[in-house]
Structure formats: structure tokens, C-alpha cells
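The values are calculated or read from the model by the stated rules, or taken from the named source; none is laboratory data. Because the structure is predicted, anything quoted here is derived from the model rather than measured. All Cβ positions, glycine included, derive from the backbone under ideal geometry; neighbour counts span all protein chains shown.
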Amino acid sequence: MSCTGSILGRSAVRHAVLALALTLLAAAAQAHEVPEATASEPQFPQKQSARDLLNACASSRLTASGRERRRYCAGFVSGVEEAIRLLGLGKAADLALCTPDDVTATQLANAFVRYGAGHESELEEPAAGVVLYALAEAFPCVDS
């Protein structure tokens with residue numbers, strides 16, 4: 001299991017989200033370059049709300065654009081998890097997060113979807129911050 005500890009509170013999430021957004025923006029630019037003429041909606045992680053991400057996660061599997069949006073969701077959520085784990089961002093947000101070594105991007109995205117369905121009041125917040133709370137709730141650290 002991968003674990004991050006606890007230290008501060010919600011105000012520290014803003015700093016963690018900013019660092020994470022910059023990391024995700026760079027990764028997204030490298031991973032998926034779409035010609036400007038065909039780009040239907042730009043995805044800027046630092047401005048994306050949790051509601052926007054939730055809509056992408058809930059896109060239809062029956063269309064090519066829906067499958068692309070679902071892949072974007074899974075990549076975004078797994079990128080947040082990796083950044084939390086590697087940069088220790090959970091500590092700054094006073095959260096403990098322990099994901100199994102074999103967790104998949106789809107499982108991480110599904111955890112975010114479940115959290116989003118039960119936390120309507122948080123959906124206008126930055127997506128990366130809400131993903132952080134969703135993953136901490138879905139994958140708590142259990143003392144052995």
C-alpha cells in the first residue's frame with residue numbers, strides 16, 4: 001500500500017491543488033495534443049470544477065467522444081493520486097491516503113464518481129482538491 005500522512009487542513013489544499021494543477025497541465029499537454037481546430041472543449045486542470053470532471057467520468061461508453069472523456073477522467077484522477085503519493089500532498093491537506101499497489105485508474109475514477117454523487121456541495125470546487133478528498137475517503141489508511 002502507498003500511504004500519505006496527515007498534518008494541516010482544507011486551506012492547505014489550495015496550495016496542493018495549485019502544484020498538482022501545474023503538474024497535470026504539463027502532463028496533459030504532452031499526453032494529448034489536439035489540433036486547435038478540432039478541440040471541442042479545452043481542459044485546464046487548474047480551472048476545472050469537480051462537476052466538470054464528474055460529467056467527463058459519467059460520459060457514455062457508446063460513443064468515441066464519451067470513451068475519450070472517460071479516459072481523460074481516469075487519467076486525471078490517477079494523476080492526482082500519483083502526485084499525492086509522490087509529492088506528499090495528503091500531508092498538507094491533513095489527509096491519509098493508502099491505495100493498494102494494484103489499484104487501477106478505473107477504480108480510482110470510480111471512487112471519485114461515488115464521492116461526487118454524495119457531495120453535491122463540493123462539485124463547484126477545483127477538481128483536483130475534490131479528487132484528493134474522494135481518494136482519502138475511498139482508500140483510508142488502516143493501522144495494522
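Total residues in region 37-82 satisfying the condition of being over 16 Å from the mean Cα position of the chain (by Cα) and modelled with pLDDT under 90: the figure is 6. The residues of region 127-144 include none that are surrounded by 22 or more Cβ atoms within 10 Å (Cβ to Cβ) and not in a helix (DSSP H, G or I).
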